[in-house]
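Written out below as structure tokens is the structure these notes cover.
The values are calculated or read from the model by the stated rules, or taken from the named source; none is laboratory data. This one's a predicted model, so the numbers in the text were calculated from it and none came from an experiment. Here Cβ is always computed from backbone atoms with ideal geometry, including for glycine, and neighbour counts include all displayed protein chains. Keep in mind that these areas ignore ligands, DNA and RNA; they rest on the heavy atoms of the full protein, side chains included. Shrake-Rupley method; radii C 1.70, N 1.55, O 1.52, S 1.80 Å.
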Amino acid sequence: MMATTAGVSLPLTRLLVEQGLTVRHDALPPDVRMVARDCLADWLACAFAAVDEPVSRIVAEMAQEEGGHPQATVLGRSWRGSLSQATLVNGTVSHALDYDDVNLSVPGHMSAAILPAAVALAEYRGSAPSALIAAFVAGYELACRVGRLVEPAHYANGFHTTATIGCLGAAMTCSHLLGLSRDQACHALGIAATQAAGLKAMFGSMAKPLHAGLAAQAGLRAALLAGKDFISRVDVLECAQGYAAVHGSDFHEELALSVPVNEGVERGGFHLLNNLFKFHAACYSTHSTIEAIARLRVAHDLAADAVSRIEVVAGAACSICNIQDPRTALEAKFSLRATAAFAMLDIDTGSLQTWGQVDTPAVAAMLQRVQVRLVPGMTLSDSIVTIHRRDGDSLTLAYDCGDPIVDKRAQSTRVFDKFRSIALPALGEARTTAILSRLASFEEQDGVSGLLALCGAGH
């Protein structure tokens, strides 16, 4: 049955599900498979680096206290959890540091919402790495198409898309792994959509990383229920009072169904190729400010004490990272003022140890020299920085970190280097090297168990 939203009759849910279910590993271009593998590597690295974070410990303790069947690996822990528990914990942990990758089509963190469910289910079912890669691509692409459908109103209304769209991507990925029929997968999206929740107001708190775990858990649950012929609706995206109508005023079916543009890629047409890996451990909307200040500092040999004032102009949507007086490391990651101060002081924003310095005298003093102005018409990744010097001169640079790295092999090298840098303290040299070796040859392995055997604690 055709449903109507915003005056358009279109079985959109069914079309997007059909696109997802037809994804086959052998038909994916090499660059797409490489980026998917790198998403897995980056997701694992971010999780290992965060296993001792308070939010990670709390969620893991709660899951362990519940008890249950040991079905899947809980990253960095000596015990195994149920599919649901492992998915919740691993998703939360992977987003705890806000260092995981993003896609601005959503905009949000799709790997952190999709991979926890995909990896747990693939491990439990003994799926081949190629099946995991294909299923991940299917879910990632659907999530980005939903983002194109409902943005920018959805995000502007205060929804955290990692949660509210990520759960749909996880449902699609798990439906693909389970081999569900088209109707079952449509029902899975409906089940996930009715669980979709997550508020941007939670940014800077433990609830934000929990969103990723809950999204992954909801998507997994939805696909498992649909696989048992649980019924929801098959038109949840476009139906009256459905997902799109309730979550915002935008309904861009032409954008949802359009072919993504991938610069410099021979066989493009994938949202995944526009994935953005983080190399600064903060909200992605702070990265352009960091890069602009770093470039001005280096190009003009600027010392911090020569600066009287720094002006940052960013888009109105960057209110998510405009905490004026950050007091904790987590708040600093969502503060343009703090990240600008770090960059001007030449403090390594790629280091996980940086963010606890937010209350040091040097950072506190520089923070008072930073002014942020948010204006309409700029994207989440735009920034214009003006540095005023004490001698009266000023320097201005506009920067946009929203363009993906074109050379995917060079990008892959940076992702693996990031893995070693941030995961080594938690894993040690031997395990780090062993996991990276498994990741490098991931698609050639018989299953995912060899990799995951290295990912608990005490191996």
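Summary of computed values
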{"item": "Failed item in (1) touching a Cys at 6+ places or on another chain (Cβ under 8 Å); (2) modelled with pLDDT of 95 or more; (3) open to solvent by 20 Å² or more (accessible area, probe 1.4 Å), with Gln184 passing the rest", "result": "(1)"}
{"item": "Unmet criterion (only one of (1) touching a residue at least 12 places away in the same chain (Cβ under 8 Å); (2) within 22 Å of the chain's Cα centre (by Cα); (3) crowded, with 16+ Cβ neighbours inside 10 Å) for Arg409", "result": "(3)"}
{"item": "Pairs where the first residue, in segment 233-245, is closer than 15 Å to Arg182 by Cα and the second is modelled with pLDDT under 95, C-beta under 7 Å, 6+ apart", "result": "Asp235/Ala3; Asp235/Pro11"}
{"item": "Residue in segment 374-392 that is without any contact (Cβ under 8 Å) to a residue 60 or more places away in the chain and open to solvent by 50 Å² or more (accessible area, probe 1.4 Å) present", "result": "yes"}
{"item": "Residue list for segment 52-74, filter: of a type in the set (Val, Ile, Thr) and open to solvent by less than 20 Å² (accessible area, probe 1.4 Å)", "result": "Val55, Val59, Thr73, Val74"}
{"item": "So Ile387, is it over 21 Å from Pro152 (Cα atoms) and part of a loop (DSSP other than H, G, I, E, B)", "result": "no"}
{"item": "One residue from Thr360, Thr339, Thr354 being buried (at least 23 other Cβ atoms within 10 Å of the Cβ), β-branched (Val, Ile, Thr) and within 28 Å of Met206 (Cβ to Cβ)", "result": "Thr339"}
{"item": "Scan of segment 271-317 for residues that are open to solvent by 40 Å² or more (accessible area, probe 1.4 Å) and in contact with a Cys (Cβ under 9 Å, 6 or more places away or on another chain), ordered by number", "result": "Glu291"}
{"item": "Residue within segment 446-455 that is within 22 Å of Leu28 (Cα to Cα) and crowded, with 16+ Cβ neighbours inside 10 Å present", "result": "yes"}
{"item": "Residue list for segment 24-53, filter: of a type outside the set (A, V, I, L, M, F, W, C) and assigned to a helix (DSSP H, G or I)", "result": "His25, Asp26, Pro30, Asp31, Arg33, Arg37, Asp38, Asp42"}
{"item": "Lone unmet requirement of (1) in contact with a Phe, Trp or Tyr (Cβ under 7 Å, 6 or more places away or on another chain); (2) free of Cβ contacts under 8 Å to residues at least 40 places away in the same chain for Phe203", "result": "(2)"}
{"item": "Residues that are open to solvent by less than 10 Å² (accessible area, probe 1.4 Å), aliphatic (A, V, I, L, M) and part of a helix (DSSP H, G or I), drawn from segment 87-131", "result": "Val89, Val93, Met110, Ala112, Ala113, Ile114, Leu115, Ala117, Ala118, Ala120, Leu121, Ala122"}
{"item": "Failed criterion for Leu255 (all others in (1) more than 20 Å from the chain's Cα centre (by Cα); (2) open to solvent by less than 50 Å² (accessible area, probe 1.4 Å) hold)", "result": "(2)"}
{"item": "Test: residue in segment 218-238 that is touching a Phe, Trp or Tyr at 6+ places or on another chain (Cβ under 8 Å), within 30 Å of Asp325 (Cα to Cα) and open to solvent by 10 Å² or more (accessible area, probe 1.4 Å)", "result": "no"}
{"item": "Test result for Ala430, aliphatic (A, V, I, L, M), open to solvent by 50 Å² or more (accessible area, probe 1.4 Å) and in contact (Cβ under 8 Å) with a residue 24 or more places away in the chain", "result": "no"}
{"item": "Single match in Ser78, Ser56 (criterion: within 20 Å of the chain's Cα centre (by Cα) and either in a loop (DSSP other than H, G, I, E, B) or among the small types (Gly, Ala, Ser) (or both))", "result": "Ser56"}
{"item": "Top-ranked residue of segment 171-181 - restricted to ones that are at negative phi and assigned to a loop (DSSP other than H, G, I, E, B), ranked as least open to solvent (accessible area, probe 1.4 Å)", "result": "Leu180"}
{"item": "Close pairs (6 angstrom Cβ cut-off, 6 or more residues apart or separate chains): within 13 Å of Val137 (Cβ to Cβ) in segment 25-52, surrounded by 24 or more Cβ atoms within 10 Å (Cβ to Cβ) and at pLDDT below 95 anywhere", "result": "none"}
